[in-house]
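To keep things clear, I will list the structure first and then write my remarks on it.
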Amino acid sequence: MPNDQQKVRIFETLKHWIVHLKLLPYQRLTEIKLSQEFGCSRTPVREALMKLTQEGWIVMVPNQGYYVRGIRPKELEDLYELLITLEKMAISLVTSNKDQSVIKKLHKKWNEKPRAWEDTVGLQLIADDEEFHEEIAFASDNNELHSSIKKINEKIHIIRRIDYNNKDWARNIVNDHVEILDSILQRNTVQAEQLIEKHIRSNKETMMSLINVYLGESLLFS
């Protein structure tokens, strides 16, 4: 396999392991062990590690090597604030688009959720929630906006896995999504923007509360 293809494969695999906590925050990564793991030379491993560093997934400590990054409370707060700005921008674009096919499909999906939400509490509901936000961004027909929201979701995902069985959170997620989609289909931009901001701020408060609970108990927040 050419080095470029190996680099991409290693990069995507390591990022997946970081997001899904197979690689823990502050865990050390070495070129030798990873090259053995992937059955390749150290060159594509080194290039993948450099790309992960550039994107903020790992850090390089001089004379020590590479380590998986932790997430600090201020960083998480900043990510949510940026997400609010970007998603309100997406809402504004989506409500003005003629093609509402993506939104109608989402609306049907989430209107069916209240009858089945208990069966989807957990990691699947987190995935569905992230898909909801990314699909709205996709419907905005702005590739950069869609890409930015997806990247933020990937970073927040690490924290959201901590308390994914909260049924009150699940019920609120479903109700919020239906209300947001109703407003978009009614082309009520102001209301949809207000609802998406309220929804994200509620998620932010939940995650920040979790940090207060787990702070000092997990390297995630060191």
Next on the checklist: Could you sort the peptides 131-142, 187-198, 56-67 by per-residue average Cβ neighbour count (10 Å cutoff), highest mean leading?
Outcome noted: 131-142, 187-198, 56-67
Checklist outcome for this item: Going from the fewest other Cβ atoms within 10 Å to the most, one would list 50, 207 as 50, 207
Checklist entry - Between residue 82 and residue 205, what FRET efficiency comes out of the Förster formula 1/(1 + (r/R0)^6) with R0 = 22 Å and r the beta carbon distance, rounded to 0.05? => result 0.85
Item to check | In Hz, Karplus ³J(HN,Hα) per residue of the range 103-109 (6.51, -1.76, 1.60; θ = phi - 60°; x = Gly, Pro) | outcome: 5, 5, 5, 4, 4, 4, 4
Checklist entry - What order do you get for 154, 55 when you list them from fewest to most C-beta neighbours inside 10 Å? => result 55, 154
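Each reported figure results from applying straightforward, stated rules to the coordinates on display, with no laboratory input. Predicted model, so just to flag it, every value in this text is computed and none were measured. Neighbour counts are summed over all protein chains in view; Cβ atoms, including those assigned to glycine, are modelled from backbone coordinates with ideal geometry.
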